[in-house]
1. How large is the helix-only mean residue ellipticity at 222 nm for the chain, computed as the sum of -39500 (n - 2.57) over DSSP H runs with n ≥ 4, divided by its residue count, in deg cm²/dmol to the nearest 500?
2. At a Förster distance of 22 Å, what's the computed FRET efficiency of residue 196 paired with residue 40, Cβ-Cβ distance as r, to 0.05?
3. In degrees from 0 to 90, rounded to the nearest 10, what is the angle of the helix 222-244 Cα long axis to the longest principal axis of the chain?
4. Given points 7 Å out from each Cα along the Cα-Cβ axis, report the residue 215 to residue 54 separation in nanometres with one decimal.
5. As a test of the definition: which semi-axes, in Å, follow for region 207-319 when you take the square root of five times each eigenvalue of its alpha carbon gyration tensor? Largest first, please.
6. Please state the relative contact order of region 289-355 as a whole percent: Cα pairs under 8 Å, 6+ residues apart?
7. Under a 1.4 angstrom probe, counting protein chains only, how are 229, 222 ranked by accessible area, largest first?
8. Report the convex hull volume per residue for region 59-157, counting only C-alpha atoms, in Å³.
Amino acid sequence: MTAPRVHSLDPSDPADAARSARVRRFFAAWFPPDRVVNALRAAAAAMGAFLVGTLLPGDMSEYAYAAALGAFVAIGTNLFSIARAALQQIVALAIGAAIGLALFNLDIPALVKIGIIAAISVLLPGARTLGAGASYVPVAALLVIMFGRIDPDGYAVAYVGQFSLGLVVGVIVNAIARPPLYDRQAHERLRLATRSLADRVEALTDQLRGEWPPDRRDWLEWGSELEVWIADLEDEMSEARESQRLNPRTLWRSHDLTRDRDELAALRAVVHRMIDVIDTVSSAAWGTPIEVHLDESERALTADALAALEAHLRSWVAEEGVADASIASGVAIDALYAHAIVKPEPDSGAAGLVFSLRAMRERIDRVASAS
């Protein structure tokens, strides 16, 4: 009887190569490195908190599971946010336990107690001091009422104490187990977004230099896409700034986000004006959102100005040749302006384009000179 043949992947086989690529994509999607590291932090924190919790004196050691739970919820990707949330949760647990003890000692129906806790659970999330930790108030109150029948005071102290211990352990583990920094990642995303905007400008330039009106219409949706870009970048920049707070890694790996924030503000302004340019070109091509006119000469001059804007954006990202690119951009915009002011049509779109292009050029020059 022959042994079954074991198939091994052959990298040179296209089918095997495709199968390997699918496997890699699967693991990359479900088990990204950051998530794996976070899982290891959570495991270490939960085990450490449970171990410390079992060493506490008296009956408190029986509630070591609460310490493990506290450590687990204190795991995240942002040290400052984790520490702030942990403090809020500790305060919320103490408030909830106090409410539970007060209701436990009141001689009122259990149905009324549940209603009071439910009302509190809706009202407290409005308290900014507690933040998201406000949701722990009704949890602690209900636990005291449900499980504190024999010794409610002892249960409340043990549960809140163990859970708080776990939160502290979780914060400590996050602080010493290579807490992530997203500053350089946000910096690279900002650079990538600026290059992508330059690519869009190049594509729009090609449309102006091709057949008119152009067959390609996907660029009509670029305005909303660019707005989403900026919103995502602002979120990433905020997360990067938060990741630096209380992070010990900043002592040896510092990155000043001030310049990145200034560049993001400049990119936001450029994108805003670029949307105006897209709307104007769209209006000239198909009369939407309003009808304007760009004759053949104006389209050619607009294409030249956009090509100069593209080069200006790329030099800004590369941090070299910005002054020369700005001069070339100014010359191209002035050529469009000189042609626009001698035209009699009041509805010509060239004047609007000149304003937007000049605003973008000035914004890039300002932030580039500052940095």
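1. Working: 13 runs with 269 residues, N = 371.
Result for the chain, helices only: -25000 deg cm²/dmol.
2. Details: r = 34 Å, r/R0 = 1.55.
According to the calculation, E is roughly 0.05.
3. The answer is roughly 40 degrees.
4. 7.3
5. Values: eigenvalues 288, 48, 19 Å².
The equivalent ellipsoid of region 207-319 has semi-axes of 38, 16, 10 Å.
6. Values: 49 pairs, mean separation 28.7, N = 67.
In percent, rounded to a whole number, it is 43.
7. Numbers: 229 65, 222 20 Å².
The ranking, largest first, comes out as 229, 222.
8. Working: hull volume 9.1 nm³, N = 99.
So the per-residue hull volume is 92 Å³.
The values are calculated or read from the model by the stated rules, or taken from the named source; none is laboratory data. Note that the coordinates shown come from a computational prediction; the quantities given were computed from them, not determined experimentally. Cβ sites come from the backbone with ideal geometry, for glycine too, and all protein chains shown count toward neighbours. To get the accessible areas, we keep the full protein, side chains included, count just its heavy atoms, and leave off ligands, DNA and RNA. Shrake-Rupley method; radii C 1.70, N 1.55, O 1.52, S 1.80 Å.
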